[in-house]
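Undergrad: Would you mind keeping the following structure in view while I ask a few things?
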Amino acid sequence: MLRMASRRWMIGLVLAATSRAWAGDAPAGAPPPDLVKQATAPISSILQLRLQDAFAPEFVGAHGRGNVVTAALTMPLPAYRLLPVRQLSLLSIPAAVTPPSGITGFGDLRFVDIAVLDAGHEVLWGVGPSLVFPSATEPGTGQGKWQAGPAAVVAIVPRRWLAGVLAQNPISFAGERTRRDVNQLVLQPFVTYQLSGGWFVRTQPQMIFNWKSGRQLLPVDLGVGRVFAIGRQQVSCFVEPFWNASTDGPAPRYGITFGLSFLYPDFWRRVFS
């Protein structure tokens with residue numbers, strides 16, 4: 001019941017927000033091109049609250065359905081607030097993870113912090129740590145291990161395009177002794193193309209390569225979304241079907257992700273003005 005309610009809640013939010021924008025609540029004119037790029041980047045230079053629901057009706061290597069409701073917060077820091085360079089941080093909170101077994105629980109918290117070492121007009125790159133905290137409330141909703149490892153991002157932003165890759169490699173160093181050690185590379189290539197009126201198409205698969213078992217997960221996805229305003233609040237929403245072209249072990253065969261983000265591009269200017 002929780003799985004179905006969470007998915008319906010997310011779908012309702014996305015459809016309601018989109019219908020309000022179509023009804024004329026959005027101000028005249030399209031959002032700035034940079035706002036669309038930042039809204040769709042996996043790790044962003046504006047403050048965002050992201051809500052996502054990923055539903056998988058069929059699994060490979062397991063019977064049943066799966067659903068993951070995630071809340072995420074992008075937390076950029078200007079230079080010299082903490083370090084002499086800009087920082088781009090992302091905190092992901094799997095609030096309701098339902099594997100095929102049907103048990104719903106809290107997932108493992110994930111945090112990545114990127115120090116931007118060089119930011120040109122069309123190229124951005126940086127490095128930092130990737131951390132995983134064993135906060136799952138059920139054995140099937142988390143890995144049960146404390147993890148730390150490197151992270152890096154590179155992106156190019158020519159005109160209507162945003163393209164790049166976010167790489168993380170968390171490695172377990174403590175946790176439950178009965179659980180398997182973790183050492184896996186997570187590659188998240190991302191490409192966004194802006195259409196008119198705040199609309200965009202995007203692909204943002206999350207590929208996983210397990211160095212311990214040799215298993216891999218290679219999804220393919222393609223979505224469409226829009227950045228618009230509801231009153232004074234900037235919002236982004238998208239719908240993105242996915243299909244796992246190659247997978248080892250229990251994993252979704254296909255599914256669909258719904259996303260809704262609340263954007264705060266002027267957060268730091270308002271705080272320190």
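The values are calculated or read from the model by the stated rules, or taken from the named source; none is laboratory data. If you're wondering where the values come from, they're calculated on a predicted model, not measured in any experiment. For neighbour counting, all protein chains shown are included, and Cβ atoms are generated from backbone atoms with ideal geometry for every residue, glycine included.
Undergrad: For the list (1) under 25 Å from ARG253 (Cα atoms); (2) crowded, with 19+ Cβ neighbours inside 10 Å, I need the number of the one condition that VAL153 fails.
TA: Status for VAL153: all satisfied but (1).
Undergrad: Across the stretch 215-273, what is the number of residues that are among the basic types (Lys, Arg), modelled with pLDDT under 95 and part of a strand (DSSP E or B)? Walk me through it before giving the result.
TA: The initial filter retains those residues of the stretch 215-273 that are among the basic types (Lys, Arg), namely 215, 226, 232, 253, 269-270.
Narrowing the set further to residues that are modelled with pLDDT under 95 leaves 215, 232, 253, 269-270.
Keeping just the survivors that are part of a strand (DSSP E or B) gives 253.
Residues meeting the conditions: 1.
Undergrad: What are the pairs, 6+ residues apart or on separate chains, where a residue within the stretch 146-160 that is under 14 Å from ASP181 (Cα atoms) has its Cβ under 8 Å from a residue that is of a type in the set (A, V, I, L, M, F, W, C) and not in a strand (DSSP E or B)?
TA: From residues that are under 14 Å from ASP181 (Cα atoms), the pairs are GLN147/VAL182.
Undergrad: Do the conditions hold for PRO189, that is, is it out of contact with any His (no Cβ under 6 Å at 6 or more places or on another chain), surrounded by 15 or more Cβ atoms within 10 Å (Cβ to Cβ) and over 29 Å from VAL239 (Cβ atoms)?
TA: Details: out of contact with any His (no Cβ under 6 Å at 6 or more places or on another chain): yes; surrounded by 15 or more Cβ atoms within 10 Å (Cβ to Cβ): yes; over 29 Å from VAL239 (Cβ atoms): no.
No.
Undergrad: Also: Mind listing whichever residues of the stretch 214-265 are in contact with a Leu (Cβ under 9 Å, 6 or more places away or on another chain) and free of Cβ contacts under 8 Å to residues at least 24 places away in the same chain?
TA: Passing the criteria: only PRO241.
Undergrad: For the list (1) within 16 Å of the chain's Cα centre (by Cα); (2) of a type in the set (A, V, I, L, M); (3) farther than 23 Å from LEU51 by Cβ, I need the number of the one condition that ALA245 fails.
TA: Checking ALA245 against (1) within 16 Å of the chain's Cα centre (by Cα); (2) of a type in the set (A, V, I, L, M); (3) farther than 23 Å from LEU51 by Cβ, the one that fails is (1).
Undergrad: Return a yes/no flag: does the stretch 36-53 have any residue that is on the phi > 0 side of the Ramachandran plot and assigned to a loop (DSSP other than H, G, I, E, B).
TA: No; the residues of the stretch 36-53 include none that is on the phi > 0 side of the Ramachandran plot and assigned to a loop (DSSP other than H, G, I, E, B).
Undergrad: Further question: So, of the residues in the stretch 161-184 that are in a strand (DSSP E or B) and over 16 Å from the mean Cα position of the chain (by Cα), which turns out to be surrounded by the fewest Cβ atoms within 10 Å (Cβ to Cβ)? Can you show your working first?
TA: Filtering the stretch 161-184 for residues in a strand (DSSP E or B) gives 161-168, 171-175, 183-184.
Next, from what is left, pick out any that are over 16 Å from the mean Cα position of the chain (by Cα): 161, 171-175, 183-184.
On the way: TRP161: 13, ILE171: 18, SER172: 22, PHE173: 12, ALA174: 10, GLY175: 19, ASN183: 16, GLN184: 21.
The residue in question is ALA174.
Undergrad: Related question: Quick one: PRO205 ticks every box in (1) farther than 21 Å from VAL69 by Cβ; (2) part of a loop (DSSP other than H, G, I, E, B); (3) not hydrophobic (A, V, I, L, M, F, W, C) except a single one, so which number is it?
TA: Answer for PRO205: the failing condition is (1).
Undergrad: Hey, any hits in the stretch 225-240 for a residue that's among the small types (Gly, Ala, Ser) and closer than 17 Å to ALA56 by Cα? Working first, answer last.
TA: Of all residues in the stretch 225-240, those among the small types (Gly, Ala, Ser) come to 225, 229, 231, 236.
Then drop every residue that is not closer than 17 Å to ALA56 by Cα, which leaves none.
Taking every residue of the stretch 225-240 in turn, none turns out to be among the small types (Gly, Ala, Ser) and closer than 17 Å to ALA56 by Cα.
Undergrad: Then there's this: From the list PRO78, PRO99, PRO94, which one is within 18 Å of GLN168 (Cβ to Cβ), in contact with a helix residue (DSSP H, G or I) (Cβ under 8 Å, 6 or more places away or on another chain) and touching a residue at least 24 places away in the same chain (Cβ under 8 Å)?
TA: Values: PRO78 fails: within 18 Å of GLN168 (Cβ to Cβ); PRO99 fails: within 18 Å of GLN168 (Cβ to Cβ).
Of PRO78, PRO99, PRO94, the one residue that is within 18 Å of GLN168 (Cβ to Cβ), in contact with a helix residue (DSSP H, G or I) (Cβ under 8 Å, 6 or more places away or on another chain) and touching a residue at least 24 places away in the same chain (Cβ under 8 Å) is PRO94.
Undergrad: State the number of residues belonging to the stretch 227-247 that are exposed (fewer than 15 other Cβ atoms within 10 Å of the Cβ) and either in contact with a Ser or Thr (Cβ under 9 Å, 6 or more places away or on another chain) or closer than 19 Å to PRO94 by Cα (or both).
TA: The qualifying residues number 1.
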